[in-house]
Structure formats: structure tokens, C-alpha cells
Amino acid sequence: MSVNGKKVLHMDRNPYYGGESSSITPLEELYKRFQLLEGPPESMGRGRDWNVDLIPKFLMANGQLVKMLLYTEVTRYLDFKVVEGSFVYKGGKIYKVPSTETEALASNLMGMFEKRRFRKFLVFVANFDENDPKTFEGVDPQSTSMREVYRKFDLGQDVIDFTGHALALYRTDDYLDQPCLETINRIKLYSESLARYGKSPYLYPLYGLGELPQGFARLSAIYGGTYMLNKPVDDIIMENGKVVGVKSEGEVARCKQLICDPSYIPDRVRKAGQVIRIICILSHPIKNTNDANSCQIIIPQNQVNRKSDIYVCMISYAHNVAAQGKYIAIASTTVETAEPEKEVEPALELLEPIDQKFVAISDLYEPIDDGSESQVFCSCSYDATTHFETTCNDIKDIYKRMAGSAFDFENMKRKQNDVFGEADQ
């Protein structure tokens, strides 16, 4: 918004950037936040060495958030590392998600003939171009369901599981009966992201995800945006059903449009479910991951008789988010029963022994209207996925509703040139 010439005032009731997706430091703060009054033991090292994300997410190397960061040049303020591997759970064990044709052919996830069929399927996806009917091979992107595409290549249930959940990154199996174009594009995004760095399609910022909002805050400041932390919002002032200002500590900041998360406007959102996240501190890498210092594990819902997947994100001291020799693994899933902690047990079993657990169960909220009447635009709560694609879709949607036109990456880039000049590009 600042880059597009809007006057932006950003108020946050918290003393830190990032709201509910911040990184907590020092470690003592995390213990306080979860009411563990005894504090961290000495074996955890220096508290200042820790930056623990409350909401675990990785960035797809070729995904929307990385494009936004590159185009807005927020990458000036951030450093990234590639996540070392992506794994999928099958029959109680974890297997590396095959990331190349060679790995697919050597993988224990599939039998010999299945591998050949899967390879054919991957070649079909790689060549698929929605604007070129010659690449369709009898598949109609708008009407053929993904279930029919799997049937066409004669892929078995296990392969369907890891293709849909570990490559296309769906949380449930609802996608099977929807047109296949979206799924094909998701698998393409995965393989294009993977092609950039080789080990996995995911990136993670050094010092934790809290660096992302700080990077955007700096960008906004360059364009005249103002930031106020520790600023409580006492009231949102409406006139004739439209927002005209925000009241804080006796003062009113007047505005024409307001963007906020659901916690600021409880009367304008509805509950859409719950997510459980368990932050686990470990002194060892996860078993069967080749001692990776970062990885993602996806447990497809079919494997554990659930409706939605369980995710595990693991990062470590290599990313400057933990003390030397320590690892942080965060298990998360959409809550389906009255006993959420039991639901993530299959994930926790993979992480044993665990030094310390922090359990958070959060309500998911979504806005009840699109904001066109009131000009109050509310984001959705962060879901259980371990990447930012759904969040970026939400941000682009809010932008479109506010500005009346879709977010244009190229336009953003041109404006950058005006300020920084061409030489830096």
C-alpha cells in the first residue's frame, strides 16, 4: 500500500512485529507465554540465542511470497536457507519425497512398475500447458477431475496420497473430484520451486519468520509508512456504516480504509474451526531424515484415518533460531475431535525424545463480509498448512477488494526503480 502511494499507519497492540505469527525471543518469554513459570533449564543454553516461531511456515522457493519479497526488494533485509528435505509418512515410517526422476526411481515409496507410471505422470504434468491443447493428452483442464487423471495413469492409493498431499500440498482429499488444472499447477509449482535449489522446494529465513514482517515494515517506512508498536486499539469509529478512524489512548487516527486481523474485530468474524500446534524442543535431529538440520514431514490423512493432514516443520541452530545443538519441531493440524492433543500423537512419536513441549490450540476466524460496505478489511487466521501460499492468496484478495484491481507485481517493480534507481536491480 505504501509503495502504491497510500498513507499507511500501522498500529500493533504488541511490543513486537508480526502479531500472531511472530518469533518469540528470548526463550524465557516463550515459557512465560505458555505459563511455564519455572523457566528454561540451563541445558537450553542462552535465552537470547532462541527465536521461536508461534506459527510454523516455510516459503515455496518459486511461490508467491518469494516473488513478493523479490519484487518489493524486502530481500535486502533478509537471508534465507534452503530446507534440507521433505518427507512423507507411510505405514508408520517416513520416506523422503522423491525430488528428482532419479530419486523417484530409487524411492521405496513405490514398486517397480508404479515408478514407471509415476514417471509418465510427472512428464505429463511438466509438459502440460493450459494454453496448448496438444499437451492435454485427452484431459480437459476445466472438467476432468484429478481422480480421473490418476486413473488414466493407473496410479495406486499410496502414490495418490503423496502426490496430492506432499507435492500438491492439499490438506484434505476434497480436491480429487475438482477439475484437475489447480492440482497440476500446484505440482508444477512444487517442481519449479525444487528446481531452484535442489534439496527441497522450501526456504526459511535466518532468525525466524518474525524477520518477514520487520522486512515489510522497513520497506513501508522507506515509502513514508508509520509504525506504532505497543499501541492498543480501543475502538474502531464508524459513521453511516463506514470506517472513519481508530481510537487509541484518547486519540483518534482518521482513515478511509482499515486492514486488520480477526482479533481486532471479533464482531465482524465467524469461527471456522481450530488448529493445534505443538512446539517441541529437541536435542537431536529427527530419526530417518539423514540427520537433516531442517525438514518438513507430511502425514497424509489417509495414513492415520483423519480428514486433514498433520504437518511437522523442523528447523534448528543452523537457522539462528535455537541454541547450539538444539532443534525446534512444530507439529500442527486442523482439529477434528474433542481431544486435539491425541490427534497429533503420530507426529510426536516421530520426534521422541522431546525435551519440552508447548501446546497451543487456536481458533480459526474468517470475516463475515468482504469489507466493501464498511471499508474494514479483515484477514483470515493462519491455517495449518506449512507454507505461505494460502496466506498470499488472502493478501492478494484483500488488496483486490481495497484497490479495485488485482495486485500487479510488475507495477510494483517499476515503482521500485523510481525510488532506488535501475543500478541496484
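The values are calculated or read from the model by the stated rules, or taken from the named source; none is laboratory data. In this text the structure is predicted, and so the values were computed from the model without any measurement. In this analysis, Cβ positions are derived from the backbone assuming ideal geometry, glycine residues included, and neighbour counts consider all displayed protein chains. Just so you know, the surface numbers come from the protein's heavy atoms only, side chains and all, with ligands and any DNA or RNA stripped out. Shrake-Rupley method; radii C 1.70, N 1.55, O 1.52, S 1.80 Å.
Structural remarks
- Figure legend. Inter-residue proximity from the range 339-360: first residues outside the structural domain of residue 295 (by the TED database), second residues open to solvent by 30 Å² or more (accessible area, probe 1.4 Å), beta-carbon distance below 8 Å, spacing 6+ or different chains. No pairs are indicated.
- Near pairs, Cβ below 7 angstrom, 6+ apart or cross-chain, from the range 29-57 (touching a residue at least 24 places away in the same chain (Cβ under 8 Å)) to any residue that is assigned to a helix (DSSP H, G or I) and among the hydroxyl-bearing types (Ser, Thr, Tyr): 40/31; 54/21; 55/21
- Within the range 61-90, tally of residues that are closer than 23 Å to residue 280 by Cα and not polar (S, T, N, Q): 10
- Selected residue [buried (at least 17 other Cβ atoms within 10 Å of the Cβ), outside any helix (DSSP H, G or I), modelled with pLDDT of 90 or more and not hydroxyl-bearing (Ser, Thr, Tyr)] from 155, 176: 155
- So residue 268, is it surrounded by fewer than 19 Cβ atoms within 10 Å (Cβ to Cβ), assigned by the TED database to the domain that holds residue 73 and free of Cβ contacts under 8 Å to residues at least 24 places away in the same chain: no
- Residue within the range 289-298 that is touching a residue at least 12 places away in the same chain (Cβ under 8 Å), touching a Cys at 6+ places or on another chain (Cβ under 6 Å) and either surrounded by fewer than 18 Cβ atoms within 10 Å (Cβ to Cβ) or not small (Gly, Ala, Ser) (or both) present: yes
- Residues that are part of a strand (DSSP E or B) and closer than 26 Å to residue 271 by Cα within the range 348-375 comprise 358, 359, 360, 361, 362, 363, 364, 365, 366, 367, listed in sequence order.
- Here the range 370-384 is the region considered, the condition is being surrounded by fewer than 14 Cβ atoms within 10 Å (Cβ to Cβ) and either in contact with a helix residue (DSSP H, G or I) (Cβ under 7 Å, 6 or more places away or on another chain) or of a type outside the set (Asp, Glu) (or both), and the residue that is farthest from residue 335 (Cα to Cα) is 372.
- Screening the range 103-125 for residues that are open to solvent by 40 Å² or more (accessible area, probe 1.4 Å) and either hydrophobic (A, V, I, L, M, F, W, C) or not assigned by the TED database to the domain that holds residue 155 (or both) and picking the one that is farthest from residue 206 (Cα to Cα) gives 113.
- Any hit, the range 299-308, residues being out of contact with any strand residue (DSSP E or B) (no Cβ under 8 Å at 6 or more places or on another chain), assigned to a loop (DSSP other than H, G, I, E, B) and open to solvent by less than 20 Å² (accessible area, probe 1.4 Å): no
- Answer residue from the range 323-338, given it is hydrophobic (A, V, I, L, M, F, W, C) and touching a Gly at 6+ places or on another chain (Cβ under 9 Å) and is farthest from residue 208 (Cα to Cα) among those: 335
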